[in-house]
Structures are given as structure tokens and as C-alpha cells.
Amino acid sequence: MRIRAFLPRCSAVLQMPLLAACAALLVPDAVYSQASGEGAVSLAYGTVGPGAALEDLDGNAVDLSDYVKGGPALLEFWATWCENCEALQPQMDQVQMRYGDRINVIAVAVGVSQSVRRVKRHLDGHNPGYPHLWDARGAAVRAYNATTTSIVAMLDEDGKVVYTGVGGGQDLLSAVERLFGT
């Protein structure tokens, strides 16, 4: 193998990343899509969605559980700089428009590389009509195991996880329709 012949010449620091890159090229697309799509992130299905200490955009202390109780909920872990979040925005807006009276839509603005001021400026140009909460200390990120932005978790009327997904290619409308049996 040419890789084996090349590896002894590389420093130990470069060997592991090089092997990982080669392995990634060999992983079938089906495995990749499964790992990056529906049900592969956040909390396991059937888990009760936890609360988390957050702030609203005015700096008031709130608990995420207050926003998700009383019916189904759709949460997106979101950032102004996230391209996948931007790709999901039209679907989030449609869910709010079509089902906002039946499901609580919540955006959790992660406290990474953005500020409350930046989030507010973003919303000045587009206020979708659902709350955006500020996760300055990562409480909701940790509670939901949201390791990146564009992670969506949907809870049923009992507060249990029925959908999780990541990335801009999620079909949120279909997930909500499945929840409501439509």
C-alpha cells in the first residue's frame, strides 16, 4: 500500500489525521447520511425534554421548560452565523404559520460567536413570531446534547422527544405532520 509506505515518513502528529481522512473517504454515503440526519443527534427518542436556565433577549431569567410545556414543542439550536440554520428558517416560519396554535416553536440562540445584540439585530429584519431564548452559559446545549447548531428537537404533548435532526436538509414540516398524524 502506498499509504503504509508514506506513513513512516510522516511525523506521529500527522499520522492520525491522515488516517482519519483516508477512513472518511472510505465510509459509504449511507452511513454518513444516517449519522448526520434524523434521529442521530441530541436526546434519544422517548426521553423527556429537560428544562434549562436561559434568558429571554431582554436579559430576564427564564426556564426552557416553561416554553415547552402545555403541548408539543419544536426547538432549534440556532445562531445568526449558521448557514444550516438559515436554510431551515423558511421551514421554521412555515411550521409557526401553519401549526403555531398547536405547537410551541422556540429558537435557542447559542452563546457561541454571537451576542444578544447581534441576535436582536438579526430579528429586526425578520421576526418570525416565536420566542428566541439566549443560552449564554450553554445550559440548554448541554441538557439537549446539542453539539452543533441547526439541531432540532421535537417534543410531543407529554414532553418526550419524538424527533431530532441536524443540518439544513431536515424536513421539519413532515416531522410536524407525522406528530399530528396529518
Can you go through Ala153, Ala143, Ala136 and tell me which one is small (Gly, Ala, Ser) and under 17 Å from Leu57 (Cβ atoms)?
Ala136
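Going by the conditions given, is Arg102 assigned to a loop (DSSP other than H, G, I, E, B) and at pLDDT 95 or above? Reasoning before the result, please.
Values: assigned to a loop (DSSP other than H, G, I, E, B): yes; at pLDDT 95 or above: yes.
Yes: the conditions hold for Arg102.
Those residues that are of a type in the set (S, T, N, Q) and assigned to a strand (DSSP E or B), I need them from the stretch 162-175; list them, please. Talk me through it step by step, then tell me what you get.
Of the residues in the stretch 162-175, the ones of a type in the set (S, T, N, Q) are 164, 170, 174.
Passing the criteria: only Thr164.
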Return the pair list, or none, for Cβ contacts closer than 9 Å from residues in the stretch 120-134 that are over 15 Å from Ile103 (Cα atoms) to residues that are modelled with pLDDT under 90, at least 6 apart or on different chains.
Trp134/Gly111
Does Gln94 count as polar (S, T, N, Q), on the phi < 0 side of the Ramachandran plot and in contact with a Phe, Trp or Tyr (Cβ under 9 Å, 6 or more places away or on another chain)?
no
May I ask you to say which residue of Ala61, Ala73, Ala53 is at pLDDT 95 or above and crowded, with 18+ Cβ neighbours inside 10 Å?
Ala73
Of the residues in the stretch 82-97, those that are surrounded by fewer than 14 Cβ atoms within 10 Å (Cβ to Cβ) and hydrophobic (A, V, I, L, M, F, W, C) come to Met97
Result of the Cβ filter at 7 Å on the stretch 147-164, keeping first residues that are of a type in the set (Asp, Glu) and partners that are assigned to a strand (DSSP E or B), at least 6 apart or interchain, is Asp156/Val162
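Any residue that is at positive phi and either surrounded by 23 or more Cβ atoms within 10 Å (Cβ to Cβ) or touching a His at 6+ places or on another chain (Cβ under 8 Å) (or both) - is there at least one of those in the stretch 146-154? Don't jump to the end; show me each part of the working.
The initial filter retains those residues of the stretch 146-154 that are at positive phi, namely 150.
Now restrict to residues that are either surrounded by 23 or more Cβ atoms within 10 Å (Cβ to Cβ) or touching a His at 6+ places or on another chain (Cβ under 8 Å) (or both): 150.
Within the stretch 146-154, one or more residues are at positive phi and either surrounded by 23 or more Cβ atoms within 10 Å (Cβ to Cβ) or touching a His at 6+ places or on another chain (Cβ under 8 Å) (or both).
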Give me the pairs: first residue in the stretch 98-117 and farther than 14 Å from Leu179 by Cβ, second residue acidic (Asp, Glu) and outside any loop (DSSP other than H, G, I, E, B), beta-carbon distance under 8 Å, and six or more apart or on different chains, which are they?
Ile106/Glu76; Ala107/Glu76; Val108/Glu76; Val108/Asp135; Ala109/Asp135; Val110/Asp135; Gly111/Asp135; Val116/Glu55
Quick one: would you say Arg178 is over 22 Å from Gly51 (Cβ atoms) and either assigned to a strand (DSSP E or B) or charged (D, E, K, R) (or both)?
yes
Of the numbered conditions (1) at pLDDT 95 or above; (2) among the small types (Gly, Ala, Ser); (3) more than 23 Å from Val161 (Cβ to Cβ), Ala30 fails exactly one; give the number of that condition.
(1)
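The values are calculated or read from the model by the stated rules, or taken from the named source; none is laboratory data. The structure presented is a predicted model; accordingly, all values stated were derived computationally and were not measured. In this analysis, Cβ positions are derived from the backbone assuming ideal geometry, glycine residues included, and neighbour counts consider all displayed protein chains.
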